[in-house]
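In what follows, a single structure is set out as structure tokens and then discussed.
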Amino acid sequence: NSLELVTTGTQAFAAITSMIAQARQSIEMTFYKFNNDEVGRDIAARLTERAGEGVRVRVLLDGYGSRNRPRLALDELVKAGGQVRIFSPLVPYPVRGHINLRNHRKMMIIDDKAVFAGGMNVALEYMGNGAGHGAWADLAYVLHGPCSGDFTQLFESDWARAAHEEPVFPKPRMAPAAGNSTVQLI
């Protein structure tokens, strides 16, 4: 595997947009926060464009963390053929005892062979230029190689959970070796 740390919001935005542009078959992403700000709307527009080009796009967002999501932009994504699911929506389920069941994952998988993951959400305070009050200092990474298949399996499990379905675990395409890092998803 190859693993590259991403240490600034500017680098994170560049990495995520570059990976979206490089996708040929699929883009799967799950984020705790996907804000209705210039970063969130930009990413949603790029996903919509790729879905319109025939790339399978699936987006899983946490019901609480992404309550301020760009709804209109995500509606356009669905119209273009993408799919959006909400993990543990706040309504109508809070009385069923799982309001505290949140999905804090932050990851994007491209073609089952490249992953962006870590602590950064899709929001201006994470992926902006770092200037101004409220900017987060966080880490992410870009991974290429066989370990990306483990991220695909994790995404499939969360995707099914959001729809109250049994997960389907297709055999992931084994990504070729891409570097000399030993990586294990925990």
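The values are calculated or read from the model by the stated rules, or taken from the named source; none is laboratory data. This structure is a prediction, so every number in the text was calculated from the model and none was measured. Backbone-built Cβ (ideal geometry, glycine too); neighbour counts: all protein chains shown. Keep in mind that these areas ignore ligands, DNA and RNA; they rest on the heavy atoms of the full protein, side chains included. Shrake-Rupley method; radii C 1.70, N 1.55, O 1.52, S 1.80 Å.
Table: residues versus (1) surrounded by fewer than 20 Cβ atoms within 10 Å (Cβ to Cβ); (2) modelled with pLDDT under 90; (3) closer than 23 Å to Ala21 by Cβ.
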residue	(1), (2), (3)
Met120	no, no, yes
Glu125	yes, no, no
Gly130	yes, yes, yes
Glu156	yes, no, no
Inset, instruction - Report the residue count in the range 1-40 for those that are under 10 Å from Val122 (Cβ atoms), open to solvent by 40 Å² or more (accessible area, probe 1.4 Å) and of a type in the set (D, E, K, R). - result: 1
Legend entry - Elements of type helices (runs of 4 or more DSSP H) contained in the range 1-96, each with 2 or more residues being touching a residue at least 60 places away in the same chain (Cβ under 8 Å) and under 20 Å from Phe116 (Cα atoms): 9-22, 38-52
Legend entry - Output for the range 66-88, where each listed residue is basic (Lys, Arg) and surrounded by fewer than 19 Cβ atoms within 10 Å (Cβ to Cβ): Arg67, Arg71, Lys79, Arg85
Inset, instruction - Would you be able to tell me the number of residues in the range 41-74 that are among the charged types (D, E, K, R) and closer than 21 Å to Glu125 by Cβ? - result: 7
